[in-house]
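Let me begin by presenting the structure, written as structure tokens, before commenting on it.
Every read-out reported here was derived from the displayed coordinates using simple, explicitly stated rules and does not represent laboratory data. These figures come from a predicted structure and were not determined experimentally. We place every Cβ from the backbone using ideal geometry, glycine too, and count neighbours over all the protein chains shown.
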Amino acid sequence: MPDVVGLCFSHEYIGRVEQFHRLRGVPKKYIKVADSGAMRIHAFCDHSGAPVYSSGANSPTSYSLRVGALKQRYELGLPAPACRTDTE
């Protein structure tokens, strides 16, 4: 069973492509298209549906790892305090 399936708040770790290595499994992916036309890949565990990562759709340079789903999340160290709000 996954540690996290979905939350209203999520923590992410931004890692460079060369730092990212999948150990097993093949995530299910879908492409999200923003109003601007920018595309991002969102990947989920093919067994539990837990979010795993997101990245740019074309030649990604980094991955946004969904920390809550990572068993090794404590090895990443403490996150920097941050708050992002969307305002119109």
Amide H contacts under 5 Å for residue 62, placed H, 5+ residues apart: 17, 56
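Mind checking the dipole of the range 12-70: about its Cα centre, +1 per Lys or Arg Cβ, -1 per Asp or Glu Cβ, Debye to the nearest 20? Spell out each step's value before the answer.
On the way: 8 positive and 4 negative charges, 29 e Å.
Roughly 140 debye for the range 12-70.
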- prompt: Quick one: 66, 24, 40, 16, fewest Cβ neighbours within 10 Å first, how do they rank?
  reply: 24, 16, 40, 66
- line: Scaled by the rule-of-thumb 2.2 N^0.38 Å, the alpha carbon Rg for the range 12-70 gives a ratio of 1.10
query: Tell me, what HN-Hα J-couplings in whole Hz come from the Karplus equation 6.51 cos²θ - 1.76 cosθ + 1.60 at θ = phi - 60° for each residue of the range 21-27, using x for Gly and Pro?
result: 9, 7, 7, 6, x, 10, x
- prompt: Residue by residue, what Karplus-based ³J(HN,Hα) values in Hz, rounded to whole numbers, does the range 53-68 have, using 6.51, -1.76 and 1.60 with θ = phi - 60° and x for Gly and Pro?
  reply: 7, 9, 7, x, 6, 10, 6, x, 9, 8, 10, 9, 7, 7, 4, x
